[in-house]
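To keep things clear, I will list the structure first and then write my remarks on it.
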Amino acid sequence: MIRYSSITKKFIMAFVGLFLVVFLSVHMGINLFILPLTNGHVEIFESAVHFMTTNPLIKIFEIVLFGGFIVHIIIGIILQIKNWAARPNRYKKEGWSQTSFFSKFMIHTGLLIFIFLIIHLGNFYFVKLGITTPVPGSEIPENSHDFYPMAVNLFSNIGYAIFYIVLILMLGFHLNHAVQSAFQTLGLNHSKYTPFIKAVATIYSIIVALGFIAIPLYFIIT
């Protein structure tokens, strides 16, 4: 029964993780329009944000998304604690070397990402609701859906920009192993598929990390 419970948790973890992977891709795509990559990029970004913050279906999706984050975090912690409990001698050299570099630090990078998520929500979502105040150097937009000036001011704050870059790098490390692990849990662990999945996970994690990092980096350089 306990074994079945663990497998079920891993399947939920995998499905929720892949759901969050899709969300990150969409979120990154929208955020990149903060940069002057094309004519009318501000209007495109603001239109996308307006749609995401007013569409009823998106509001429902938002609740599902928050629920997904919570489930992912809780199950991740439970599985990690069970892992530690099952391997009390995990610090021996032979046990340490059997795991991949990224898998060793999943719980650590996950914790850092959780802290970043709380701060990020505090600077955008909760500011919009009036629950928190923006960091120095940023401001609440006159229109509750006008996130562009808030984003620009926030990423122009070099302290926050560097903090953001470091945490996004942690996210990249986390994603590299998480995507591989999710597909492995779903049964796609085969000599024919594994190298391809590993390559896709690595490429995806690099693209996502670079995509998000490009925004604060642009404002630091310019």
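Overview of values
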item	result
Packing-based order for 50-61, 70-81, using average beta carbon neighbours within 10 Å, highest first	70-81, 50-61
Entries in 59/104; 82/192; 9/198; 9/104 that, when Cα-Cα distance is taken, lie over 27 Å	59/104; 82/192
3J(HN,Hα) from dihedral phi, the stretch 24-35, Karplus parametrisation 6.51/-1.76/1.60, rounded to Hz, x for glycine, proline	4, 5, 5, 4, 5, x, 5, 4, 5, 6, 5, 7
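Each reported figure results from applying straightforward, stated rules to the coordinates on display, with no laboratory input. The model shown is predicted, which means the values in this text are computed figures rather than measured ones. Positions of Cβ are backbone-derived with ideal geometry, glycine not excepted, and every protein chain shown enters the neighbour counts.
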